[in-house]
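Worksheet for the structure shown next.
The numbers here are math on the coordinates, done by the rules we state, and not lab data. Here the structure is a predicted model, which is why all the values come from computation and not from measurement. As a convention, Cβ positions derive from the backbone with ideal geometry for all residues, glycine included, and neighbour counts pool all protein chains shown.
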Amino acid sequence: MSITILEKNVQNAFGEAGLQWICSLPIIVERLADYWSLSNIVPANNMNWNYVAYAIQKNHDHVVLKISSDRTTLESEYIALMHFDGDGAIKLIDRHSECQAILLEQAIPGNTLKENYPAEIEKTITSYARVVKAIASRKSPNFTYVHMSTWCEAIDKIQDERISDHFVNKAKQLKSKLLDSVKHEYLCHGDLHLENIILNKNEWLAIDPKGIIGEMAFEAAAFDLLDNDELKDLSTIESKIISRVNQLSIALGIDSSRLLSWVFLRIIISAQWFVEDKGDPSRMLKLAQYVYPLLK
């Protein structure tokens, strides 16, 4: 199993417990293969935080096996997928609580929405908005979920000097303003970037939900406003951010300035999470540098 990046991330986040989990993966996979009658297990080549593999179940269904080192995160994903029940999201088949694993329908062909981005930006935004609306159409959940305000608490924990004081002060101001003026909340995906939306037949579906109560502007703020190549062209960054925020807000029927505020706030939250996980916040901070002057 090629799990170099996975091993690095899990050990950075969980230390010795993470290393023990990595070492136990072969045994866990073998146990789950027997439990769910899986064959032809092929690990994914882009594992970052979870063990993910494609497989065939005994009835010849193509499935995805996902094992997590973090029980709490996997539990949130499991409950969220149960709540979405296939509306805008991949279908859940089963869970193995003890092994911290879930079995999912495999999306075929499985292309990500990011593959045609930014070349087909308008088509991408239309497809993205359709997924957001499908998830938002579900009735309020009966379970208790983490609220987006909990994620915002990361702002108050910032101590790293790489995150500028003026970014932190602006984030604190926006946090109070946005949380105090929310009108409609629902169970969001929580991490709806373009690589978390994949094609299943002719339908785009979300994968890897966090399951967090929030508003639509909070959800859509996870959209990939710029790719890495676009960050190299300094002359067009501002215009592209403005254009895409406006397009996205129109497609979803939400206020563009509110969406941009959530974009900035989530960028700073992500930067702090990178710091906490002993990662590199530089890309987030570069994005913040260009979004900050656009805030009203």
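Phi angles of the stretch 100-105 translate, via the Karplus equation with coefficients 6.51, -1.76, 1.60 and θ = phi - 60°, into HN-Hα couplings of 6, 9, 10, 10, 10, 4 Hz per residue; Gly and Pro are given as x.
A crude spin-label estimate for the pair N111 and Q20, with each label 7 Å from Cα along the Cβ direction, gives 4.5 nm.
Between K296 and Q159, the modelled labels are 3.8 nm apart [label points 7 Å from Cα along Cα→Cβ].
First select every other residue whose beta carbon is under 15 angstrom from the beta carbon of L287; then total the charges, Lys and Arg +1, Asp and Glu -1. Result for the local shell: +1.
Across the stretch 59-68, computed HN-Hα scalar couplings (Karplus, 6.51 cos²θ - 1.76 cosθ + 1.60, θ = phi - 60°) run 8, 6, 7, 7, 10, 10, 9, 10, 10, 10 Hz from first to last residue, x flagging Gly and Pro.
Computed FRET efficiency, Cβ-Cβ of T72 and E98, R0 22 Å: what is it to the nearest 0.05?
Using R0 = 22 Å, I get an efficiency of 0.90.
Near I213, the amide H atoms lying under 5 Å from its own belong to V146, H147, M148, C188; only residues 5 or more places off or on other chains count, and H is placed 1.01 Å from N.
Gain on full extension, evaluated as 0.36 nm per residue between K278 and K123 minus their Cα-Cα distance, stands at 52.2 nm. To the nearest 0.05, how large is the calculated FRET efficiency for I5 and I41 if R₀ is 22 Å and r is the Cβ-Cβ distance? The calculated FRET efficiency here is 0.70. Remark: spin-label model distance T236-T144 equals 5.0 nm, labels positioned 7 Å along the Cα→Cβ axis. Taken over the stretch 64-175, the alpha-carbon convex hull comes to 182 cubic angstrom per residue. Ellipsoid semi-axes for the stretch 229-296, based on the Cα gyration tensor and the rule √(5λ), read 22, 15, 9 Å when sorted largest first.
Under the criterion of Cα pairs below 8 Å and six or more residues apart, the relative contact order for the stretch 1-121 equals 18 percent.
Charged side chains reduced to their Cβ positions (Lys and Arg at +1, Asp and Glu at -1) give the stretch 181-242 a dipole of some 200 debye around its Cα centre.
Using +1 on the beta carbon of Lys and Arg, -1 on that of Asp and Glu, and nothing else charged, what's the dipole of the chain about the Cα centre, debye to 20? Around 620 debye, computed over the chain.
Each 5 Å bin from 0 upward holds the following percent of the Cα-Cα pairs of the stretch 4-106: 2, 13, 23, 24, 21, 11, 4, 1. Compared with the dominant principal axis of the Cα atoms in the chain, helix 71-84 is inclined by about 80°. Short-range pairs are left out: with C-alpha atoms under 8 Å and at least six residues apart, the relative contact order of the stretch 111-294 is 26 percent. Taking each DSSP H run with n ≥ 4 as -39500 (n - 2.57) and averaging over every residue of the chain yields -15000 deg cm²/dmol at 222 nm. Pairs from the table (K139/K177; K8/K296; K66/K296; K139/K278; K183/K210) lying more than 31 angstrom apart at Cα are K8/K296; K66/K296; K139/K278. When the chain is described by a simple charge dipole with +1 on each Lys and Arg Cβ and -1 on each Asp and Glu Cβ, the residue from I41, P118, T73 located farthest towards its positive end is P118. For the stretch 4-106, a crude dipole built from +1 on the beta carbon of Lys and Arg and -1 on the beta carbon of Asp and Glu, taken about the Cα centre, is about 160 debye to the nearest 20.
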